[in-house]
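Quick one: the structure is below, questions incoming.
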Amino acid sequence: MKMKKITILPLAILAILLVFSGILWAVQDLPAPDDVVAPPKDAQRSSSGLASKVLVKGTGSKHPSVTSTVTVHYTGWTTDGTMFDSSVVRGQKSTFPLNRVIKGWTEGLQLMVVGEKRRFWIPADLAYGENGRVPGMLVFDVELFEIQ
């Protein structure tokens, strides 16, 4: 009888851990915005095809330049609502030079000021292309924390 309890206990613990980790994994994806399929009519559009909309107004007055290094939080989705990357989920802001990211980010972040949160609809040719790492138009929510 003791032998069965010893065998069942590790299996029960393993089952609980698997269920718990599955719940944590499911919670990690942030839900896609309602307008992930296409930019709304009130979105700003540039001649390159980039569309954006301010979600939270910023407190700063300075805009980053092409050679600036920025610190942001971001989440990216494909137009079918699949989240493919998020610094928010990782719980760690990202810092990078604007001249070393996709063209849509380089162009779009120059529109922002510190404290601003903006949604971008980035066409494939300003992202990774139609056959790239994440193909097609991409949607990002980006919050700008610092400009260097």
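Could you list, in sequence order, the residues of segment 81-105 that are closer than 17 Å to Pro123 by Cα and surrounded by fewer than 14 Cβ atoms within 10 Å (Cβ to Cβ)?
Thr82, Phe84
For segment 93-110, state whether one or more residues are within 16 Å of Leu30 (Cα to Cα), free of Cβ contacts under 8 Å to residues at least 24 places away in the same chain and within 15 Å of the chain's Cα centre (by Cα).
no
With the checklist (1) farther than 18 Å from Arg119 by Cα; (2) part of a loop (DSSP other than H, G, I, E, B); (3) modelled with pLDDT under 95 in hand, flag the one item Leu11 doesn't pass.
(2)
Let me ask you something else. From Leu144, Leu111, grab the single residue that is outside any loop (DSSP other than H, G, I, E, B), of a type in the set (A, V, I, L, M, F, W, C) and buried (at least 17 other Cβ atoms within 10 Å of the Cβ).
Result of the check over Leu144, Leu111: Leu144.
Taking into account only those residues within segment 119-141 that are of a type in the set (Asp, Glu) and farther than 23 Å from Pro31 by Cβ, which is surrounded by the most Cβ atoms within 10 Å (Cβ to Cβ)?
Asp125
If you don't mind, there's one more thing I want to ask. For segment 116-134, give me each residue that is in contact (Cβ under 8 Å) with a residue 40 or more places away in the chain and over 11 Å from Leu55 (Cα atoms).
Trp121, Ile122, Pro123, Asp125, Leu126, Val134
I'm trying to understand the selection: among the residues of segment 77-95, which are farther than 12 Å from Gly136 by Cβ and either touching an Asp or Glu at 6+ places or on another chain (Cβ under 7 Å) or among the aromatic types (Phe, Trp, Tyr) (or both)?
Listed by number, the list holds a single entry, Met83.
Given the condition of a type outside the set (Gly, Ala, Ser), surrounded by fewer than 18 Cβ atoms within 10 Å (Cβ to Cβ), within 15 Å of the chain's Cα centre (by Cα) and part of a loop (DSSP other than H, G, I, E, B), answer yes or no: does some residue in segment 57-80 qualify?
Checking segment 57-80: at least one residue is of a type outside the set (Gly, Ala, Ser), surrounded by fewer than 18 Cβ atoms within 10 Å (Cβ to Cβ), within 15 Å of the chain's Cα centre (by Cα) and part of a loop (DSSP other than H, G, I, E, B).
The values are calculated or read from the model by the stated rules, or taken from the named source; none is laboratory data. These figures come from a predicted structure and were not determined experimentally. Every residue, glycine among them, receives a Cβ derived from its backbone with ideal geometry; neighbour counts consider all protein chains shown.
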